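Note sheet for the following structure.
The values are calculated or read from the model by the stated rules, or taken from the named source; none is laboratory data. On a predicted model such as this, the values are computed, not experimentally measured, just so you know. We place every Cβ from the backbone using ideal geometry, glycine too, and count neighbours over all the protein chains shown. SASA here: full protein model, heavy atoms, side chains in, ligands and nucleic acids out. Shrake-Rupley method; radii C 1.70, N 1.55, O 1.52, S 1.80 Å.
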Amino acid sequence: MAKMKTNEERKAELETLTEQMGKQIDSYFESPEKIREHLQFLGKFHQYSMRNAVLIESQFPGAVAVGSYPFWEKQGAQVQKGERGIKVFVPSPVTYALHKDEWVPLSKAPKPIKDGVKQGRIPSRKMMYFKIGHVFEYTQTDAREKGIEVSDIFKRYHRDGGLENEQDIRDALTKLADARNVTLLEEPLDEIGTAKGCYYPELHAIALNPWNTSIEDITVLIHELAHAELHNQ
């Protein structure tokens, strides 16, 4: 069984990864060619946050498509033995409750405090932290040997086409989310496979599948905003 890392070890690992990200960003400005290469890479990984795209590029230059271990299993592919995961930052929200004039993690609070938060009698708030997760690139799996192409995995679920005034619609939906205090996450908190999007009731937040097309983002966002409205009466 793998040894559990201490908080200090986890913090050091996050700091190392952040430093690695900074060095990678610095390298982009060495020449116009480097900047162009970076922009071309981001074009393939626009669905990831900027920092995660940077981390993927620094650890696996030329990556085409990545997913978590469970994601590849759902596609019928297996990560090859001995492959090392690509480290990325994973959002990890933590709920705090007010207890004896201090904000304490709800998970460690006494039961009466948890009950009070659930009943709305005790104030609570959420803070977003990040931990390190791992993803694997297509070539690190046996997908190709099994005849599973990248396009089979990531395009068969896409709805093609466009909308008139697409950006206006997107801006309007974003304003609606803000008005309803719905947080739009940069990416899902965990792998959602082929689902187009999801709503997190405990966070009052919505995440869209990174592999969606533009028109899918809009239609799914409308659907998830309706979920948010229903769950937050």
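Observations on the model:
- Residues with amide H under 5 Å from that of His99, placed H, sequence gap 5 or more: Val104
- Charge sum, other residues only, whose C-beta stays under 10 Å from Gln75's C-beta, Lys/Arg counted +1 and Asp/Glu -1: 0
- Ordered from largest to smallest accessible area (heavy atoms of protein chains, 1.4 Å probe), the residues Met4, Met127, Met21 come out as Met4, Met127, Met21.
- Choice from Arg180, Arg36, Arg121 showing the highest fluctuation, given a GNM over the chain with Cα pairs closer than 10 Å: Arg121
- In this structure Asp26 has an accessible area near 110 Å², from a 1.4 Å probe over the protein heavy atoms.
- Rounded FRET efficiency, nearest 0.05, which uses the C-beta distance separating Asp152 from Glu33 and R0 of 41 Å: 0.80
- Residue-count net charge about Glu191 - beta-carbon cut-off 11 Å; Lys, Arg +1, Asp, Glu -1: -2
- Calculated FRET value between Asp115 and Val64, using beta carbons and R₀ = 41 Å, to 0.05: 0.25
- Note on the chain: with neighbouring protein chains present and a 1.4 Å probe, carbon and sulfur make up 53 percent of its accessible heavy-atom surface.
- Of all lysines in the structure, those lying under 25 Å Cα to Cα from Lys111, and not within fewer than 8 positions of it along the same chain, are Lys100, Lys126.
- Of Lys131/Lys175; Lys23/Lys74; Lys175/Lys196, those spanning more than 27 Å from alpha-carbon to alpha-carbon: Lys131/Lys175; Lys23/Lys74
- Residues Ile122, Ile153, ordered by accessible area of protein heavy atoms at a 1.4 angstrom probe radius and largest first, appear as Ile122, Ile153.
- Extension gain (nm, one decimal) between Phe130 and Ile222, 0.36 nm per residue minus Cα-Cα: 30.3 nm
- Cα-based Kirkwood hydrodynamic radius, the chain, one decimal, Å: 20.3 Å
- Accessible surface computed residue by residue for the chain, with neighbouring protein chains in place and a 1.4 Å probe, gives 62 Å² per residue.
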